[in-house]
Amino acid sequence: MDAELYALAGKVGDALKARKLMLATAESCTGGWVGQAVTMVPGSSHWFDRGFVTYTNDAKREMLGVRAETLKKFGAVSEQTVREMIKGTLSHSKAHLALAVSGIAGPDGGSPGRPVGTVCLAWGKKRGPPPHSVTRHYSGDRDAVRRQSVIAALEGVLALLDEV
């Protein structure tokens, strides 16, 4: 067990439970790691609705309704795509809040415009302003990039909850 992730997921759970809110996730490069982190916490069924692992473009389109045009124009690792992942996650779940992650964890798959370690994240609410997204650049091996992405995703939920 990763004590840091467990503590962070517990903090997210406490904040969601206190507000009687549910979370859903849409993950690509993290492959369900955010979902694993939150479900390590006992009682997470009170605040975690579901997680979508949409590793391929087909999965993003079929499960979350990400538009083919978005994927073609901006790519899977883009703020436009993660914002659409948020919309699909919220419309296909009972969650009040959602997070989305898509990135290039490596060791290959990068390009000059999107090097390995590029990760796009988004957070949004069912009712409220459009989803907020960011692009981050992490260093390290595949595991390090993915772990940093999970931490950022969970920290983003806490930041979003500060606005609720």
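The values are calculated or read from the model by the stated rules, or taken from the named source; none is laboratory data. Given the structure is predicted, the values throughout are model-derived calculations rather than measurements. Here the Cβ positions follow ideal geometry from the backbone for every residue, glycine too, while neighbour counts run over all protein chains shown. Accessible surface areas use protein heavy atoms only, side chains included; no ligands, DNA or RNA. Shrake-Rupley method; radii C 1.70, N 1.55, O 1.52, S 1.80 Å.
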- Task: For K126, go through the aspartates and glutamates and keep the ones whose alpha-carbon is under 16 Å away, minus same-chain ones fewer than eight residues off.
- Result: D49, E84, D162, E163
- Going by accessible area, probe 1.4 Å, with all protein chains left in place, what is the ranking of D58, D162, D2, largest first? D162, D58, D2
- Item | Per-q log10 I(q)/I(0), the range 71-110, q = 0.15, 0.17, 0.34 Å⁻¹ (Debye; single scatterer per alpha-carbon; no solvent) | -0.42, -0.51, -1.10
- Note on the structure: Taking N as the residue count of the chain, its alpha carbon Rg divided by 2.2 N^0.38 Å gives 0.95
- Query: Of S93, M63, P115, whose Cα points farthest to the positive end of the dipole of the range 1-121 (charges on the beta-carbon: +1 Lys, Arg; -1 Asp, Glu; origin at the Cα centre)?
  - Reply: S93
- The size of the Cβ-based charge dipole (Lys, Arg +1; Asp, Glu -1) of the range 84-164 about the Cα centre, to the nearest 20 debye, is 280 debye
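Quick one: work out the % antiparallel among DSSP beta bridges in the chain, nearest 5.
Numbers: 13 of 23 bridges.
Antiparallel: roughly 55 percent of the beta bridges in the chain.
Taking the radius of gyration and the Kirkwood hydrodynamic radius from Cα positions alone, what is the Rg/Rh ratio for the range 61-133, to two decimal places?
Values: Rg = 12.6 Å, Rh = 12.6 Å.
Ratio of gyration radius to Kirkwood radius: 1.00.
Only four residue types carry charge here, +1 at the Cβ of Lys and Arg and -1 at the Cβ of Asp and Glu. Report the dipole size of the range 1-61 about the Cα centre in Debye, rounded to the nearest 20.
On the way: 7 positive and 6 negative charges, 61 e Å.
It works out to roughly 300 debye.
What is the calculated FRET efficiency for D141 to D2, with r their C-beta to C-beta distance and R₀ = 22 Å, to the nearest 0.05?
Calculated transfer efficiency: 0.90.
What is the dipole size for the chain, taken about its Cα centre, with +1 at each Lys and Arg Cβ and -1 at each Asp and Glu Cβ, in debye to the nearest 20?
Working: 21 positive and 16 negative charges, 119 e Å.
Taking the Cα centre of the chain as origin, the dipole is about 580 debye.
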- Please work out how much accessible surface C29 shows to a 1.4 Å probe, ignoring ligands, DNA and RNA, in Å² rounded to 10. 10 Å²
- Query: Near K60, which lysines are there with a Cα under 18 Å away, not counting those fewer than 8 places off in the same chain?
  - Reply: K72, K73, K87
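Using Cα-Cα distances under 8 Å and only pairs 6 or more residues apart, what relative contact order does the range 1-105 have, in percent? Working shown, then result.
Numbers: 164 pairs, mean separation 35.4, N = 105.
That works out to 34 percent.
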